[in-house]
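Note sheet for the following structure.
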Amino acid sequence: MKMKDLLLRLVLAACVAGTGWVHTDLYLNGYRSIHVIGPSFLLTGAGSFAVAVLLIFSNSPVLRLLAAGLAAGALFGFTLSRTVGFFGFTETGLNPAPQALLSLLFEVGALALVAVSFVPVMMKARTTSVVAR
Amino acid sequence: MTDAQTNDPHGMTRRQLLRHTAWFGSAVVLTVVGGEVISQIGNSNAAAPVPAANDAPALRFVQISDSHIGFNGPANMMVEQTFAEAIDMINALPYRPAFVMHTGDLTHLSTPDQFDQVKQMMSELKTSEVHTVPGEHDGVDDKGAKYRQFFGKGTQGAGWYSWDMAGVHFISLVNTLGLESMGHLGTDQLEWLRKDVAHLSSDTSIVVFSHIPLFAMYAKWGWSTDDSVQALSYLKRFASVTCLNGHVHQLFTKTEGNVTFFSATTTAYPLPKPGDGPAPTPVTLPAGKLHSALGVREVNYVKGNERLALKDVRLT
């Protein structure tokens, strides 16, 4: 395995674990009481930790897609909570600080890394289809 | 199709499919296990007392909230008794709190009899000082006039005031009397607050009491204060700001920058979790479960520690 791939995977695992840490911290420090928000933070926290641990051992595309799904879901919830509300829950700006900003950075980073990790696969697929034609 | 290979060059082998399924399954299993562990930690944190600071506290006080004296409904037919139990609990503490703060909704309908009763009951507290802020139930028909007759001595405006103790600056705000859809402080009180903290050094610990949360706990139900951002902007320069409120009848914690918010539970009856149901109406718990939703809060302040140590104790 290439060193570059391993490094990319470990940084991705760190970003996903970061998202998990932020959501777990907020869950334990009050958010667990909020209807729907509490369970969704618990799911994001536990799911992120699980995927982060497994990413250390495998570069499976399933795990990378799960990482992207968790990050995208968290970003979607974040956006809703700052705009139309997420199940009635609203927050403003980058509050709570610094968790909101950290979470954003981890999630955007995770999405970018997953995208980068799929670039070689997509290039290979394109080459194969061109040759087949 | 063989076991090893499909005809489609873009397809996957059965072995690959099994491997993907195994990783997905592992992620699901780990998520369930992790979720259970985190959930258990959350539950144990809620039940266990906050670890005491190593140093002896410079100040200890108690917060009680939402006694709703005069309420009579299936959620709690004996609010006077549960409030008396809370008072007994405070009086049984192994130390004498520097003061007891009631963060509002002392009464349910703000009648003179209810104010008289709650004042008499609170006079039994074994403490040097009793402080209060009004809840919206304390100004039902008169914008807090009766509340101020009973509890307004030494306050300004609609009942706001501040005091210093053990190096901590305490501020009692009134965000219930201009109540429409949510809490409101108003320009007079905001200007008073600006001046009140202007002379303080930035390393002063600040504790703010209000009835309605000063953060957006659940704006849809009015569990927020519309002009709190301006109030909090005056407190930004302080290293430690702790906001303690009532109103929501349940424990909740949130940190925003240098400010930590703590919502307290009630001595009367629980309300639903934010968004759980159409409106925050009293929740009737199964027989024998009510006391576990009620309680009081002990607060320790240790000089040099930025954060106050809170211990929420259930009514027994």
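Multiply the residue separation of residue B:40 and residue B:120 by 0.36 nm, subtract the distance between their alpha-carbon atoms, and state the gained length in nm to one decimal. Intermediate results must be reported in sequence, preceding the final value.
On the way: separation 80, 0.36 × 80 = 28.80 nm, distance 4.14 nm.
Full extension of this stretch gives 24.7 nm more.
Just for chain B, what percent of DSSP beta bridges are antiparallel, to the closest 5?
On the way: 24 of 51 bridges.
Bridges in chain B that DSSP calls antiparallel: roughly 45 percent.
Angle between the Cα long axis of helix A:37-57 and the longest principal axis of chain A, 0 to 90 degrees, nearest 10?
Once rounded, one gets 30 degrees.
Give the lysines whose C-alpha is closer than 17 Å to that of residue B:311, dropping any in the same chain fewer than 8 places away, or say none.
Counting by Cα, and skipping residues close in sequence, residue B:311 has these lysines nearby: B:254.
Given the options B:30, B:17, B:200, state which has the largest fluctuation in a GNM of chain B using a 10 Å cut-off (strictly under) for Cα springs.
Maximum fluctuation in the GNM of chain B, among the listed residues, is at B:17.
Taking the 0 to 90 degree range and rounding to the nearest ten, how far is the long axis of helix B:79-91 tilted relative to the main principal axis of chain B, both from C-alpha atoms?
It is inclined by approximately 90 degrees.
To two decimal places, what compactness ratio does chain A give when its Cα radius of gyration is scaled by 2.2 N^0.38 Å? Intermediate values should be presented prior to the final figure.
Working: Rg = 16.7 Å, N = 133, 2.2 N^0.38 = 14.1 Å.
Expressed relative to 2.2 N^0.38 Å, the Cα Rg reads 1.19.
Going by amide H atoms built from the backbone, whose H comes under 5 Å of the H on residue B:294, apart from near neighbours?
Correct list: B:315.
Quick one: angle between helix B:187-198 and the longest Cα principal axis of chain B, in degrees between 0 and 90, rounded to 10, please.
Here the helix axis deviates by roughly 90 degrees.
With the cut-off at 26 Å, tell me which of the pairs A:4/A:124; B:119/B:143; B:153/B:195; B:273/B:303 have Cα atoms farther apart than that. Working shown, then result.
On the way: A:4/A:124 18 Å; B:119/B:143 19 Å; B:153/B:195 21 Å; B:273/B:303 35 Å.
From the list (A:4/A:124; B:119/B:143; B:153/B:195; B:273/B:303), the Cα-Cα distance tops 26 Å for B:273/B:303.
Taking neighbour Cβ counts within 10 Å as the exposure measure, how do B:95, B:234 sort from fewest upward?
Details: B:95 9, B:234 19.
Fewest-to-most Cβ neighbours within 10 Å comes out as B:95, B:234.
If you plug each phi of the stretch B:103-120 into the Karplus form 6.51 cos²θ - 1.76 cosθ + 1.60 with θ = phi - 60°, what whole-Hz ³J(HN,Hα) values come out, in order, with x for Gly and Pro?
Listing the rounded values in order: 8, x, 6, 4, 10, 9, 10, 6, 7, x, 4, 5, 4, 4, 5, 5, 5, 4 Hz.
Under a Cβ-Cβ cut-off of 11 Å, what is the net charge of the residues other than residue B:60 that fall near it, where Lys and Arg count +1 and Asp and Glu count -1?
Working: positive: B:96, B:311; negative: B:298.
That works out to +1.
Can you give the translational diffusion coefficient of the stretch A:42-96 in µm²/s, computed by Stokes-Einstein from the Kirkwood radius over Cα pairs at 4 °C and 1.567 mPa s?
On the way: Rh = 12.4 Å.
Answer, rounded: 104 µm²/s.
In deg cm²/dmol and to the nearest 500, what is the mean residue ellipticity at 222 nm of the protein assembly as shown if only DSSP H runs of at least 4 residues count, each as -39500 (n - 2.57), divided by the residue total? Mind dumping the intermediate values first?
Details: 10 runs with 186 residues, N = 449.
When only DSSP H runs of four or more count, the value is -14000 deg cm²/dmol.
Please list log₁₀ I(q)/I(0) at q = 0.06, 0.10 Å⁻¹ for the protein assembly as shown, using the Debye equation with identical point scatterers on the alpha-carbon positions.
The computed values of log10 I(q)/I(0) come out as -0.33, -0.76.
Rounded, prolate or oblate, given the Cα gyration tensor of the stretch B:157-316, with a/c below 1.5 counting as rounded?
Working: a/c = 2.23, a/b = 1.41, b/c = 1.58.
The shape class here is oblate.
Just B:122, B:182, B:165 to compare: in a GNM of chain B, with alpha carbon springs under 10 Å, which one fluctuates most?
Among B:122, B:182, B:165, the largest mean-square fluctuation in the Gaussian network model of chain B belongs to B:165.
Can you put B:89, A:123, B:12 in order of Cβ neighbours within 10 angstrom, beginning with the fewest?
Details: B:89 19, A:123 10, B:12 14.
Ordered from fewest to most neighbouring Cβ atoms within 10 Å, B:89, A:123, B:12 come out as A:123, B:12, B:89.
Computed from the coordinates by the stated procedures, all read-outs in this text should not be read as laboratory data. Every value quoted in this text rests on a predicted model; they were computed, and no experiment measured them. All Cβ positions, glycine included, derive from the backbone under ideal geometry; neighbour counts span all protein chains shown.
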